[in-house]
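S.K.: Got a structure for you, questions after.
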Amino acid sequence: MREIITRNDVARKAGVSPAVVSYVINNSNYVSEEKREAVLKAVKELGYYPNYLARGLKTSKSSHFALICDEIQNELFAEMENFLYDKGYYVSLCTSRIDDDFVKMLVNRRFEGIFMTSNAFSVEQLNYIAASGIPMAFFKTRNYVGLDSRIVTVAPDFYNGVIKSMDYLMLKGHQRIALIPPVKYKTKGVHGDDFRVRAYVESLEKNNFPIEESFVCVNTQTVQTICESVFEMMTKSGNSLRPTAFVVGNDYLAAQLIKYLKSLNLRIPQDVAIVGSDDSAYASITSPTLTTISFSKKELAQKVVDKLFQIMNGETPEGEYIEVSLVMGGSA
C-alpha cells in the first residue's frame, strides 16, 4: 500500500514550514513566489492530496458547494465543478425542491457556497439561506422585491437573448411567436415580471404584433405538460391562428419540442421555426441543428466561483449579467 504523504513531508521537501504549505494550498496568506513554486513542485512530485475531510472537522467548514437546478441537463455545472475541484472543493448537484424542508436541509448541510439557478424559490426562502451565512450566487431571471443584498446575481442576459431571438424570427417573417420557458420555470405568463416574458411582450409591442396570452406556456411542471400546452396552441385556433415559431428556454427542451412537433407531422423550420437557448451539445445533434442563444459557460462558471469566494472573504461583489449572442442553425 502506498505511503500516505502528509503536509510535513511536503514542507521538508520544499524547505519551508508546514504553515507555509497550508498558506499555498488554501491560498490564504501571502507567500513569496519562490516559496510558492517550491511548495507546488513538492506537492506534484510527492503526489500530495490535502485531507479536506479532516480540515473540515477542524475548521467547521465543509469544503462543499451545492449547485441547485431545475434540470440536470446543464453543461454549465461541469465547468463550475472543474473550477471548484481545482480549488479543493467538493460539489453536489441538487434538483430543486421548493418546500421549506429542502431549504432547511441546504442550511443544515453547512455548504460553503450555493449557486442557485432555479427561479421558483420565494424571497423568504432565499433570504433564509443568506441569513444563515452561506454565500449564494443567484441565476436571477425575474424581479425579486426585498432580496437580501448578500445574494449576488450572476446569470446570462436572458432578456437580450429573447430580444435577439424575437428580432431574428420577425426578420424571417414570423408574427405569431410563442414563448416556452424552461421546465419548472415560474411565470405568470404575459403579465409576469420574469425577464424572458418581459422581453417577449416588449418585442411584440414594439412591432405592433398581437399578444396572445395562450402563446406563453405557464404549465412548465414537466416536459409532458409543456408538450400538452404546445398541442393546444397548435390545434385550438386552427392553422391560420397557430404559432409559426417558438422561442424556447433551453436547448434540451427545444430538442424535445422538435421531436414532439415532428410526431404531429410538422416540419422544422418549414411549418414551425424553433430558437433554443444555451448553445449546448443538443444544438448540434438535433435535426435540423438548432438556432440558439449562446453565452460563455466557462466565463459564467468562473465569475460564479470568483464571486462566491469574494463573499467568503468578506467582500461584497457586484452582480453581473453575461453577454449573449445568436448562433444560426437550421431550425429557424
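We did not get these values from a lab; they are worked out from the coordinates using the rules stated. Quantities reported herein were computed from a predicted structural model and do not represent experimental measurements. Cβ: placed from backbone, ideal geometry, glycine included. Neighbour counts: every protein chain shown.
S.K.: Along the charge dipole of the chain, which of S325, N127, I25 sits closest to the positive end, that is, farthest toward it, with unit charges on the beta carbon of Lys, Arg, Asp and Glu (+1, +1, -1, -1)?
M.R.: Positive-most Cα among the choices belongs to I25.
S.K.: Within segment 113-135, name every residue whose backbone N is under 17 Å away from a label modeled 7 Å from Cα of K188 along the Cβ vector.
M.R.: 119-124
S.K.: Tally Lys/Arg at +1 and Asp/Glu at -1 over every other residue whose Cβ is under 11 Å from the Cβ of T187; what's the total?
M.R.: Summing Lys and Arg as +1 and Asp and Glu as -1 gives +4.
S.K.: Tell me the label-point distance for the pair E315, S287, using the 7 Å Cα-to-Cβ offset, in nm and rounded to one decimal.
M.R.: The modelled label-to-label distance comes out at 4.9 nm.
S.K.: Taking a label point 7 Å from the Cα of V123 along the Cα→Cβ vector, which residues of segment 184-228 have an amide N closer than 17 Å to it?
M.R.: Correct set: 187-188, 192-195.
S.K.: On to the next question. Just grab the label-to-label distance for L266 and D86, each label 7 Å out from Cα along the Cβ direction, in nm (one decimal).
M.R.: 4.3 nm
S.K.: Let me know the charge dipole size of the chain about its Cα centre in debye, to the nearest 20, where only the beta-carbon of Lys, Arg (+1) and Asp, Glu (-1) is charged.
M.R.: The dipole of the chain has a size of about 640 debye.
S.K.: Then there is this: Measuring from label point to label point, each 7 Å out along Cα→Cβ, what is the Q221 to Q302 span in nm?
M.R.: Modelled inter-label distance: 4.2 nm.
S.K.: On a straight-distance basis, which lysines could pair with K262 in a cross-link, Cα separation under 19 angstrom, same-chain partners fewer than 8 positions away excluded?
M.R.: K236
S.K.: Let me ask something additional. What percent do you get for the relative contact order of segment 159-295 when only Cα pairs under 8 Å and 6+ apart count?
M.R.: It comes to 25 percent, rounded to a whole number.
S.K.: Then there is this: Filter the cross-link list K44/K303; K13/K41; K140/K184 down to pairs whose alpha-carbon distance in this structure exceeds 20 Å.
M.R.: K44/K303
S.K.: For Cα extents along the principal axes in Å, the listed values are (1) 61, 50, 38; (2) 61, 50, 44; (3) 79, 39, 36; which was obtained by calculation from the structure presented?
M.R.: Of the listed options (1) 61, 50, 38; (2) 61, 50, 44; (3) 79, 39, 36, (3) comes from this structure.
S.K.: Let me ask something else about it. Work out the FRET efficiency for S325 and K104 from their Cβ-Cβ distance, taking R0 = 41 Å, and round it to the nearest 0.05.
M.R.: 0.55
S.K.: Moving on to the next point. Relative contact order of the chain: what whole-number percent is it, with Cα pairs under 8 angstrom and at least 6 residues apart?
M.R.: For the chain, the relative contact order is 15 percent.
S.K.: Let me ask something additional. Which is farthest toward the positive dipole end of the chain among G88, F77, V190, measuring Cα position about the Cα centre, with Cβ charges +1 (Lys, Arg) and -1 (Asp, Glu)?
M.R.: It is G88, whose Cα lies furthest towards the positive end.
S.K.: May I pose another question? Taking Cα centroids, how far is segment 169-230 from segment 130-165 in Å?
M.R.: Using only Cα atoms to place each centre, the spacing works out to 21 Å.
S.K.: If amide hydrogens are placed 1.01 Å from N in the peptide plane, which non-local residues have theirs closer than 5 Å to the one on V218?
M.R.: Correct list: empty.
S.K.: Let me ask you something else. State the extension gain, in nm to one decimal, for the chain segment bounded by D148 and K41, taking 0.36 nm per residue of separation less the distance between their alpha-carbons.
M.R.: So the chain would gain 34.2 nm between D148 and K41.
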